[in-house]
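See below for the structure under consideration.
The values are calculated or read from the model by the stated rules, or taken from the named source; none is laboratory data. If you're wondering where the values come from, they're calculated on a predicted model, not measured in any experiment. Virtual Cβ from ideal backbone geometry, glycine too; neighbours counted across all protein chains shown. Remember, those area values only see protein heavy atoms, side chains included, never the ligands or the DNA or RNA. Shrake-Rupley method; radii C 1.70, N 1.55, O 1.52, S 1.80 Å.
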Amino acid sequence: MIKTAASVLTAVVLLSACTYADQRFVSDQSPAEMRANSMAVQDAERAERAERRRERREEMMNEADAINRAYGNRKVYILH
């Protein structure tokens, strides 16, 4: 009973994938609008990556400052 139900479910999933495979995406935007949207997204992502890099650098500097305050002039080697 369970094998039959599983095989029927598998067949339904495979057949539904076949019915949607021939559909095409048709955009109502012009190529210029699509390019402008793409550039806006790329600029936003670039700004977000730069912000993450700045935050990570600030975290690293804070860690280094805390280590310097804690250990003074002693040499400390941190292995990651």
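Taking the stated definitions as given, is Met34 assigned to a helix (DSSP H, G or I), modelled with pLDDT under 95 and either open to solvent by less than 100 Å² (accessible area, probe 1.4 Å) or of a type in the set (A, V, I, L, M, F, W, C) (or both)? Walk me through it before giving the result.
Details: assigned to a helix (DSSP H, G or I): yes; modelled with pLDDT under 95: yes; either open to solvent by less than 100 Å² (accessible area, probe 1.4 Å) or of a type in the set (A, V, I, L, M, F, W, C) (or both): yes.
Yes: the conditions hold for Met34.
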### Task
Sort out which residues of region 28-67 are farther than 30 Å from Leu79 by Cβ and within 18 Å of the chain's Cα centre (by Cα), and write them in order of number.
Ser38, Met39, Ala40, Val41, Gln42, Asp43, Ala44, Glu45, Arg46, Ala47, Glu48
